[in-house]
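Have a look at the structure below before the remarks.
The values are calculated or read from the model by the stated rules, or taken from the named source; none is laboratory data. Only a predicted model underlies this, so the values are computations on that prediction, with no experimental measurement involved. All Cβ positions, even for glycine, are placed from backbone atoms using ideal geometry, and neighbour counts span all protein chains on display.
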């Protein structure tokens, strides 16, 4: 229980740090007619191609998507082998990118008030975790195309002592 409370406190601190690094920005709606506010990372964090595709080998961590539909999917993270230095964990947050003309672009939000709760999900050693998500409230119904779900995972040792990596799990909607 103490570790779970500590992990939750760490995630709250991380969320505060992330929110402090974000700014509101106007982005055109899908039809180009109306602008809507979205959150975007500052320039040093905007490289959508940075991060690991779907694996962190030193942590033995793999991130994939199953049963993707225009409104949601099952996210799967699995820990097998590797040598994390602490406890692996993730939160409820994620974001979507779409492949457009050979470039990954953030999928624009359809909602103007996006907020994530501060749950901390442990990634147990040698286990697989499945989490069904519905993204329709954030992104609306997705059209056909190539997408990827992006999600942060942390190797948490103690407060203010952790490493974070963003994993990207691709999927196709036909």
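In the stretch 109-132, the qualifying residues are those that are surrounded by 16 or more Cβ atoms within 10 Å (Cβ to Cβ) and in contact with a strand residue (DSSP E or B) (Cβ under 8 Å, 6 or more places away or on another chain), and the one that is nearest to residue 82 (Cα to Cα) is 123.
Among residues of the stretch 128-141 that are under 13 Å from residue 116 (Cβ atoms), none has a beta-carbon under 8 Å from a residue that is outside any loop (DSSP other than H, G, I, E, B) and modelled with pLDDT under 95 at least six positions away or on a different chain. If the condition is being surrounded by 14 or more Cβ atoms within 10 Å (Cβ to Cβ) and more than 18 Å from residue 75 (Cα to Cα), then the stretch 141-163 contributes 155, 156, 157, 162, 163.
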